[in-house]
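Scroll down for the structure; my scribbles are underneath it.
The values are calculated or read from the model by the stated rules, or taken from the named source; none is laboratory data. Here the structure is a predicted model, which means the values were calculated and not measured. Note: ideal-geometry Cβ built from the backbone for every residue, glycine included; neighbour counts use all protein chains shown. With ligands, DNA and RNA removed, areas are computed over all heavy atoms of the protein, side chains included. Shrake-Rupley method; radii C 1.70, N 1.55, O 1.52, S 1.80 Å.
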Amino acid sequence: MVDPLLIASHLETKRFNPEVIVLEKTYSTNAVAKDQLLSCTSSVTVVIAEIQEHGKGRHDRSWHSPRGGIFMSIAISEDLIKGNHPLMGILAGCATASAIRDLFGLSVHLKWPNDLLVNELKIGGILSELVTKGGEIIGVVIGIGVNQNIAIKDLPTELRGISTSIINELGHNTSVEQLAAKIINSIDSRFDTFYAESSFNAIISEWKQLGATIGKRVSVYPSSKSDDSFVGTAIGMNDDGSLLIIKEDGEQITLTAGEVFHLRNEEK
Ligand code: BTN
């Protein structure tokens, strides 16, 4: 069982004093964290589950959530976010990538907006969801999934060849409590910088360093309709986290939502 006291013993937060809830099994930690925000119990609540029965990924996909992974959602109330919702996923992506790098020395990169990659294989992902009540924004839930102690043979066949895990990269089990606490500390320290500088410039620069997308040829899916897709080259990121792409015909596009896939140079 994931030990909440062990997580607490590794916490070194400066800005947040989160309530940490550990569940053995739940539907989706994002759903539980959303309920916590709606019931207004605390400004920052972290929900961690050992197993999710209906883990949710981006673009309405499911997120494979067997024992051994990190399934964590952080509910943050609006007063702490100050309107910067679009950047929450970017912030969490940078924080999680740097936590995995610092603890385990793995070279984690980000595919826009916040897929965590090791050698172009997905090791984790972020699903950030806006929470509203009566039409008013009351906060954000940042859902973080990391394939930590999940062997490749235990991944569904469709994920093999495109995903990896920390145990697969290192060859041994690692502590879920330590990684969960490191991610929370890492998010907290980025909020600390945001409050100190009143800007997300540091996050955007960090993303540009960790990002593997800029400079790549990409196939772009701005919506779920494959008819809208096109190929281009990612040339930069704006201060709001949107991606700048130059299409093959020279037209410049700003992508605020959707998905990109990295292409090898020879791919059409
Ligand atoms: C992605 O598709 O890349 C995002 C995956 C996000 C998965 C996490 S696991 C914890 C939280 N609860 C969920 O149901 N989803 C997120």
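Computed quantities for the displayed model
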quantity: Hey, G232 over 20 Å from the mean Cα position of the chain (by Cα), farther than 23 Å from I204 by Cα, small (G, A, S) and at pLDDT 95 or above or not; calculated: no
quantity: S98 vs. criteria open to solvent by 10 Å² or more (accessible area, probe 1.4 Å), of a type in the set (S, T, Y) and not in a strand (DSSP E or B); calculated: yes
quantity: Which listed residue is modelled with pLDDT under 95 and farther than 23 Å from S205 by Cα, from L155, L170; calculated: L155
quantity: Hey, A196 open to solvent by 40 Å² or more (accessible area, probe 1.4 Å), in contact (Cβ under 8 Å) with a residue 24 or more places away in the chain and out of contact with any strand residue (DSSP E or B) (no Cβ under 9 Å at 6 or more places or on another chain) or not; calculated: no
quantity: Output for the stretch 243-254, where each listed residue is in contact with a strand residue (DSSP E or B) (Cβ under 7 Å, 6 or more places away or on another chain) and either in contact (Cβ under 8 Å) with a residue 40 or more places away in the chain or of a type in the set (D, E) (or both); calculated: L243, E248
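Here is a yes/no grid of residues against (1) surrounded by 15 or more Cβ atoms within 10 Å (Cβ to Cβ); (2) in contact with a Ser or Thr (Cβ under 6 Å, 6 or more places away or on another chain); (3) part of a loop (DSSP other than H, G, I, E, B):
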| position | (1), (2), (3) |
| --- | --- |
| V2 | yes, no, yes |
| I7 | yes, no, no |
| T13 | yes, no, yes |
| T41 | no, no, yes |
| S65 | yes, no, yes |
| F71 | yes, yes, no |
| G89 | yes, yes, no |
| L103 | yes, no, no |
| L106 | yes, no, yes |
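Yes or no, residue by residue, for (1) of a type outside the set (D, E); (2) in a helix (DSSP H, G or I); (3) open to solvent by less than 60 Å² (accessible area, probe 1.4 Å):
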| position | (1), (2), (3) |
| --- | --- |
| I204 | yes, yes, yes |
| W207 | yes, yes, yes |
| V220 | yes, no, yes |
| S224 | yes, no, no |
| T233 | yes, no, yes |
| G241 | yes, no, yes |
| D249 | no, no, no |
| I253 | yes, no, yes |
